[in-house]
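This report concerns only the one structure given below.
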Protein chains: 2
Amino acid sequence: MSDIRTLALACRDAAQVMFALDTQTKRKLLHDMADALEAQRDTILAANARDLQQAAAKGIQGAMLDRLKLDESRITGIANAVREIAALPDPVGLVTRRDTRPNGLEVERVRIPLGVIAMIYEARPNVTADAAALCLMAGNAVILRGGSEALNSNMAIAKILRDVMERHDIPAAALTLVEDLRRETMIELLQLNDIVDLAIPRGGEGLIRFVAEHARVPVIKHYKGVCHLYVDASADEALALNLLIDGKTSRPGVCNALETLLIHRDVAESFLPKAVQVLEEHGVELRGCERSRALMQGMHAASDEDYAAEFLDLILAVRVVDDLGAAVGHIQRFGSDHTEVIVTRDDEAARRFVQAIRSAVVMVNASSRFSDGGELGLGAEIGISTTRLHAYGPMGAEALTVERFVVRGEGQVRHPSSRVGRT
Amino acid sequence: MSDIRTLALACRDAAQVMFALDTQTKRKLLHDMADALEAQRDTILAANARDLQQAAAKGIQGAMLDRLKLDESRITGIANAVREIAALPDPVGLVTRRDTRPNGLEVERVRIPLGVIAMIYEARPNVTADAAALCLMAGNAVILRGGSEALNSNMAIAKILRDVMERHDIPAAALTLVEDLRRETMIELLQLNDIVDLAIPRGGEGLIRFVAEHARVPVIKHYKGVCHLYVDASADEALALNLLIDGKTSRPGVCNALETLLIHRDVAESFLPKAVQVLEEHGVELRGCERSRALMQGMHAASDEDYAAEFLDLILAVRVVDDLGAAVGHIQRFGSDHTEVIVTRDDEAARRFVQAIRSAVVMVNASSRFSDGGELGLGAEIGISTTRLHAYGPMGAEALTVERFVVRGEGQVRHPSSRVGRT
């Protein structure tokens, strides 16, 4: 048997133990993990220093090196995130519905853990603790496969967390870090469909496409956020301007940032010049359609590639549209099912927009930047699903569980004639 | 572009229309479909006669030929099933949760259709109408790929349904029947992961494995039902006997029939002889462990293959176990995550069993034969998922939808400093 299969089988056995843990035990486990991460800070920092050194030697720099870097305050941040996850409501055991059938059967829908979750991620070592904590809180076992740049940091963090599990008499295999980072090993992991219940890729589009291509296990993808703000004919223009600036400039590198502005033609002449002025003050480059460019001399032309792009940068595509239907049509063609916003004072327009847009998050008069597990009340987030199955939008602990049926009877049979003594 | 991709793209466009249909329109559509099926009964029967003729020429007979065969009463049954689906509560638009965030944002979780569902099934032509109706009622578009034996019947049924859609000004592409039944075309369909939101295979294990192997779209599988009945030390033996006979003999060929009996050693000596007597009266062949065979001379020996088998026949595997934990261990090793039953008068034992068993349906003192969408209150069923993701257990209309986020605000921004005029 291959090494990765052996690891995964042990993880599956451990999932059975995780499945049955009560809330208090899980909370105590996570708190002890958080304490251990802080207590063994120096071990983590020493491992991280080795990662940073190797990364620098490979010529990695800038934002990527920064994502890799840990320091005292970041470790405190990681520990506190684990404590926050411990404080979440436990989704496991939650009875979501209860019904008594005419024959007296009591049917409950009850949340249980998914089982074994494979997290596939890139350079940030904080994901190791963060994703593990959320998976464990939801009663799952987890297989972590991080990026090679962070391997030493990930191994240090995983060892600390596994030691805590063993002290709690929980098999450490419930938190398994894959140290063999060869591609063929990742592919094999993604094909263990008798063992792994769900794979969650978290990282750039290349990683997610790789996982989707090779996986034979279920995958919840988060491709990209090509988020739109549509300024309706009846929009409050000052409000629209606030949402536009917040959505585009408050953190352009994240998936819930705005990428495209759609403007109803009736307000384009009034709104676009104001928008362009404020956006340019914020250093945003605009790329527009013919009608936008007719209103705003000197604006760059937008191509179809621009409309499909997740710029993750201070660039905004702009299009003037004939009406709400045309805005919806543009979003259907170019959108990524992540988050779309309408700005309107017209309730009927808002209703029509919500009704027609199939994205995971649809907002009326609010910033796209709220499309986030924490902001929407999930407490923590393991990713934002753009897969229209199981979970759609920000995924918290509950999205790492599934509902099943628990049925209680008093001897009911489906075919009474099969009752012994009556046949 | 390949033909199947062209078909699927048209189906995806039509999904956008289905997405926005209101409940009354969908109900009227389904009722008109049911009426049309009955009105054009002769067309369906003529097509079905061609299928039966070709099947007979290929040497198909017995249960398989029977599954293929339609007659007047079966067509009435199909039409009535469509009417029952029309009467179901519409899951689309259901607000499952509502929350106001501290910043005043109103966050709703609202059910929306999945989008495009590919149904892959075998010989029963009733699935064409049944699955289509359930997918449409949940606001989805559907691609139907049935078995070659039923192609003429399926084409006749699909044409009738599509004609009704066109009369309702709904694009007929929302109900697309694949008439090119080559394997490579099915594989291509299963790899259209930019178009198809979910594939549901419904049929034998071979079909399901084929779909799982080739799919790059999400799949909800229903492999098989190796269902267990565990008779606990405190069981009411008469009740256990009723559940055993109902579970094994009332319809042995279905997935919620019992395949294995587990008996606590303390009651084996008393219960097993009675069970064997009644089972043998019903023509059931038993295959037991050493301890069962020591109690019941002449019982066949059970192999590990027997314990893993879905017999779909009047055969029952038997094992005497030391305690509840050993019963759970057996189910973990040999079960298929479908349905397990405990018979007990001990509430604590019931609690422990439910807590330890991870199957989709767990029953206390009720027959496994109730593991069915209709019996558990879903109204209709598109399959029984043994995939621990999205839906687990019987799947009704709601399982063909997903929750997304609808957020309403009054201009809230995430970083107030980005408000224009305050920067």
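Every number in this text was worked out from the coordinates using simple rules, so none of it is lab data. These figures come from a predicted structure and were not determined experimentally. When we count neighbours, we look across all protein chains shown, and the Cβ atoms used for this are built from the backbone with ideal geometry, even at glycine.
Which values, in whole Å and largest first, are the semi-axes of the equivalent ellipsoid of region A:152-216 obtained as the square root of 5 times each eigenvalue of the Cα gyration tensor?
In descending order, the three semi-axes are 25, 15, 10 Å.
How many nm separate the modelled label positions at residue B:72 and residue B:254, each set 7 Å beyond the Cα in the direction of the Cβ?
Calculated label separation equals 2.7 nm.
What size of dipole, in debye to the nearest 20, comes out for region A:128-204 about its Cα centre when the only charges are +1 on Lys and Arg C-beta atoms and -1 on Asp and Glu C-beta atoms?
180 debye
Which residues make up the longest stretch of chain B clear of trypsin sites (Lys or Arg not before Pro) that lie in a DSSP loop with no more than 14 other Cβ atoms within 10 Å, not counting the sites? Don't skip to the answer; put the middle values down first.
Numbers: sites that count: B:58, B:182, B:345, B:422.
The longest uninterrupted stretch comes out as B:183-344.
Using the count of nearby Cβ atoms within 10 Å as a rough guide to exposure, how do B:186, A:137 rank from fewest to most? Mind showing how you got there, number by number?
Working: B:186 22, A:137 30.
Least crowded to most crowded, the residues run B:186, A:137.
Sort B:254, A:219, B:343 so the one with the fewest other Cβ atoms within 10 Å of its own Cβ comes first.
B:254, A:219, B:343
Could you tell me the calculated FRET efficiency between residue A:163 and residue B:310, based on Cβ-Cβ distance and R0 = 41 angstrom, to the nearest 0.05? Could the numbers behind the result be given before it?
Working: r = 43 Å, r/R0 = 1.04.
The computed FRET efficiency comes out at 0.45.
Quick one: net charge of residue A:97's neighbours, Cβ under 12 Å, K/R +1, D/E -1?
-1
Determine the sum of side-chain charges near residue B:175: Lys and Arg each +1, Asp and Glu each -1, restricted to other residues whose C-beta is under 12 angstrom from that of residue B:175.
Taking every Cβ under 12 Å from that of residue B:175, the sum is 0.
If you wrap a convex hull around the Cα atoms of chain A, how much volume per residue is inside, in Å³? Walk me through the numbers before you get to the answer.
Numbers: hull volume 78.3 nm³, N = 423.
Hull volume normalised by residue count: 185 Å³.
Got the relative contact order for chain B handy, in percent, Cα pairs under 8 Å and 6 or more residues apart?
Working: 824 pairs, mean separation 72.8, N = 423.
Relative CO of chain B lands at 17 percent.
Post the alpha-carbon centroid distance, region B:61-76 to region B:1-54, in whole angstrom.
So the two Cα centres are separated by 20 Å.
Shortest first, in nm, what separates the label point of residue B:56 from those of the same position in the other copies (7 Å along Cα→Cβ)?
Going from nearest to farthest copy, the values are 8.5 nm.
Given Cβ point charges of +1 (Lys, Arg) and -1 (Asp, Glu) and nothing else, what value in debye, to the nearest 20, does the dipole of region A:227-370 about its Cα centre take?
Dipole size: approximately 140 debye.
Using +1 at the C-beta of Lys and Arg and -1 at the C-beta of Asp and Glu, which of B:394, B:30, B:223 has the Cα lying farthest in the positive direction of the dipole of chain B?
The residue sitting farthest along the positive end of the dipole is B:30.
Can you tell me the Rg and Dmax of region B:301-409, counting just the alpha carbons, in angstroms?
16.9, 68
Restricting the count to DSSP beta bridges whose residues both fall in chain B, what percent are antiparallel, rounded to a multiple of 5?
Taking every DSSP beta bridge within chain B, about 30 percent pair in antiparallel fashion.
Using unit Cβ charges (K, R positive; D, E negative) and no other charged atoms, how large, in debye to the nearest 20, is the dipole of the protein assembly as shown about its Cα centre?
20 debye
What do you get for the angle between helix B:237-249 and the principal long axis of chain B? Use alpha-carbon atoms, 0 to 90 degrees, nearest ten.
Once rounded, one gets 60 degrees.
What list of ³J(HN,Hα) couplings, whole Hz, do you get for region A:351-361 from phi and the Karplus terms 6.51, -1.76, 1.60, once you set θ to phi - 60° and write x for glycine and proline?
4, 5, 5, 4, 5, 8, 8, 9, 5, 5, 10
In terms of Cα to Cα distance under 17 Å, which lysines are near enough to residue A:274, apart from those fewer than 8 places away along the same chain?
Output for residue A:274: A:248.
Taking neighbour counts of Cβ atoms within 10 Å as a proxy for exposure, in what order, fewest first, do B:340, B:108 appear? Mind showing how you got there, number by number?
Values: B:340 30, B:108 17.
Going from least to most buried by this count: B:108, B:340.
What average number of partner chain Cβ atoms lie no more than 10 Å from the Cβ of the residues making up A:388-396?
For peptide A:388-396, the averaged partner shielding equals 6.
What does the charge add up to near residue B:40, with Lys and Arg as +1, Asp and Glu as -1, over the other residues with Cβ less than 10 Å from its Cβ?
-2
Per-residue Cβ counts within 10 Å, from other chains only, averaged over A:119-132: what number is that? Please list the in-between numbers first.
Values: counts 0, 0, 0, 0, 0, 0, 0, 0, 0, 0, 0, 0, 0, 0.
Mean partner-chain Cβ count within 10 Å for A:119-132: 0.
Would you calculate a helix-derived [θ] at 222 nm for chain B, using -39,500 (n - 2.57) for each DSSP H run of n ≥ 4 and dividing by the full residue count, to the nearest 500?
About -13500 deg cm²/dmol.
Which FRET efficiency, nearest 0.05, do residue A:303 and residue B:1 yield, Cβ-Cβ r, R0 22 Å?
The computed FRET efficiency comes out at 0.45.
Would you mind giving the average projected area, over all directions, of the Cα convex hull of region B:1-104 in nm² with one decimal?
Here the figure is 12.0 nm², rounded to one decimal.
Would you give the gap between the C-alpha center of region B:262-335 and the C-alpha center of region A:368-396, rounded to a whole Å?
Result: 47 Å between the Cα centres.
Considering the protein assembly as shown, what Rg and Dmax in Å follow from its alpha-carbon atoms?
Both quantities, over Cα of the protein assembly as shown: 28.6, 96 Å.
Pull out a ≥ b ≥ c, the square roots of the eigenvalues of the alpha-carbon gyration tensor of region A:227-370, then state rounded if a/c is under 1.5, prolate if not and a/b is larger than b/c, and oblate in the remaining case. Show your work: numbers first, answer last.
Values: a/c = 1.33, a/b = 1.16, b/c = 1.14.
Verdict is rounded for region A:227-370.
Write down the radius of gyration of region A:90-213 and its Dmax, each obtained from C-alpha positions, in Å.
17.4, 60
With unit charges on the beta carbons (Lys and Arg positive, Asp and Glu negative) and the dipole taken about the Cα centre of chain B, which residue among B:43, B:131, B:258 sits farthest to the positive side?
With unit charges placed on the Cβ atoms, the residue in question is B:131.
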